[in-house]
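Take a look at the structure set out below.
The values are calculated or read from the model by the stated rules, or taken from the named source; none is laboratory data. Quick caveat, the model's predicted, so the values are computed rather than measured. Backbone-built Cβ (ideal geometry, glycine too); neighbour counts: all protein chains shown. In case anyone asks, the SASA skips ligands and DNA or RNA and just uses the protein heavy atoms, side chains included. Shrake-Rupley method; radii C 1.70, N 1.55, O 1.52, S 1.80 Å.
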Amino acid sequence: MATVKETNQAEKQKSDVMLQYLRPKKKFPSVWCAGCGNGTVMGAIIRAIDKLGYSKDEVVMVSGIGCSSRMPVYLDFSSLHTTHGRALPYATGVKFAKPHLKVIVITGDGDALAIGGNHFIHACRRNIDITAILINNYIYGMTGGQGSPTTPSKAFSTTTPYGNVEKHFNPSELAMAAGATFVGRTTVYHVPQMEKMITQALEHKGFSLVEAVSNCHTYFGRLNRQGDPVAMLKMFKDLAVPAARAKNMTPEELEGKLVTGVLQDIEKTEFCDEYQKVVDAHRGVK
Amino acid sequence: MSDSEAAGKTDSKPARKAKYDYSSGPPPLNINLKWCKACNICIALCPQQVFEPDRDGKPVIARPDDCTQCTICWVHCPDFAITSNYK
């Protein structure tokens with residue numbers, strides 16, 4: 001019996017990549033609710049980084065405030081836990097000072113679009129080589145379920161008890177309009193797609209946004225009667241429409257659906273490269 | 001409590017604690033029950049119904065021979081509690 005256990009433990013150490021990238025001194029399980037999609041996204045990020053073979057010192061994780069922004073605390077990379085909504089400016093500074101680093105910004109919908117809305121659109125416009133992973137759960141989870149900029153119309157939250165009157169933001173379309181060069185949307189049900197998309201986003205030169213639609217069953221799911229994490233994951237499966245199929249659909253058919261896949265992948269001049277050109281020109285470097 | 005009573009209890013109710021029967025060889029998946037939060041995702045999404053919930057809702061590998069190593073359970077696990085035993 002002991003031999004079976006020993007072999008299991010040896011194989012376990014070999015088998016999974018994910019545990020190698022977790023901070024050894026952190027207490028697990030994480031602070032997130034049972035079934036929260038943040039952990040799923042974290043696993044996808046780890047596997048994407050492992051696939052690309054980046055070393056731990058090469059990757060910088062920057063986050064703001066929120067449930068999703070707890071993620072760099074658990075990951076064993078160089079990390080920066082910053083003020084609310086200002087993850088992208090800090091990341092811009094890191095990337096600008098050390099352009100060889102891979103800067104990943106983990107942000108939530110309230111963090112990126114409400115308090116950090118300006119920073120978000122200007123990072124997109126500048127096209128600096130940062131990968132932003134926006135975990136969109138349609139609500140402010142950490143502070144008690146207040147309505148966020150992505151809370152859909154007529155949806156319930158603790159600050160919209162009679163249904164949301166406002167229109168909501170579509171983060172991917174906002175980023176595309178602001179000038180981001182790689183934009184993709186995925187959900188926590190489609191984990192292999194998410195992993196592939198994060199890999200593409202990390203390899204892409206320029207600002208890349210991956211919008212991961214996640215489940216907040218504790219607030220959004222409970223107030224909108226969407227059920228437990230499993231019911232919400234199955235709902236994402238039903239709502240998801242691949243981008244290739246969505247091209248042939250009318251706007252009425254796409255009402256309330258989630259268009260998943262790579263929505264934009266174009267090449268534009270990158271900010272750090274352009275700045276280096278200016279520096280070289282004025283120093284007389286040829 | 002006699003043996004028959006205990007047997008009757010386990011038949012009607014789920015087992016009190018998740019336990020794997022090692023007599024049928026090593027399990028296809030390792031489950032870290034200290035990290036598991038009993039969110040039910042692995043039990044619900046498994047296409048082969050390999051898992052059964054115990055009394056706390058944590059997964060037990062009830063049908064280890066049905067596991068095809070499709071990776072769905074440990075890819076979806078938000079708490080890194082399931083790891084493959086093969087790869």
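In table form, for the structure just shown:
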item: Residue, nearest to A:L101 (Cα to Cα), within region A:270-286, restricted to residues that are open to solvent by 80 Å² or more (accessible area, probe 1.4 Å) and touching a helix residue (DSSP H, G or I) at 6+ places or on another chain (Cβ under 9 Å); result: A:Y275
item: Residue selected from region A:208-249 under the condition outside any helix (DSSP H, G or I) and small (G, A, S), by the criterion nearest to A:G163 (Cα to Cα); result: A:G227
item: Residue check, A:G66 at positive phi, touching a residue at least 12 places away in the same chain (Cβ under 8 Å) and open to solvent by 10 Å² or more (accessible area, probe 1.4 Å); result: yes
item: Lone unmet requirement of (1) more than 18 Å from B:K37 (Cα to Cα); (2) touching a residue at least 12 places away in the same chain (Cβ under 8 Å); (3) not charged (D, E, K, R) for A:Q226; result: (2)
item: Test for A:T83: is it open to solvent by less than 10 Å² (accessible area, probe 1.4 Å), among the polar types (S, T, N, Q) and more than 14 Å from every other protein chain (Cβ to nearest Cβ); result: no
item: Any hit, region A:124-139, residues being open to solvent by 30 Å² or more (accessible area, probe 1.4 Å) and assigned to a loop (DSSP other than H, G, I, E, B); result: yes
item: Region A:198-232: number of residues that are within 14 Å of chain B (Cβ to nearest Cβ), of a type in the set (A, V, I, L, M, F, W, C) and under 18 Å from A:G261 (Cβ atoms); result: 2
item: Qualifying residue in region A:141-158 (condition: among the polar types (S, T, N, Q), crowded, with 24+ Cβ neighbours inside 10 Å, more than 14 Å from chain B (Cβ to nearest Cβ) and closer than 16 Å to A:G37 by Cα); result: no
item: Options A:K205, A:K234; residue that is under 30 Å from B:C73 (Cβ atoms), open to solvent by 60 Å² or more (accessible area, probe 1.4 Å), touching a residue at least 24 places away in the same chain (Cβ under 8 Å) and out of contact with any helix residue (DSSP H, G or I) (no Cβ under 7 Å at 6 or more places or on another chain); result: A:K234
item: Output for region A:16-37, where each listed residue is under 15 Å from B:C36 (Cβ atoms) and polar (S, T, N, Q); result: A:S30
item: Conditions (1) surrounded by fewer than 18 Cβ atoms within 10 Å (Cβ to Cβ); (2) under 16 Å from A:Y219 (Cβ atoms): number failed by A:K167; result: (2)
item: Yes/no for A:T107 being of a type in the set (S, T, Y), over 28 Å from A:Q200 (Cα atoms) and either touching a residue at least 12 places away in the same chain (Cβ under 8 Å) or open to solvent by 20 Å² or more (accessible area, probe 1.4 Å) (or both); result: no
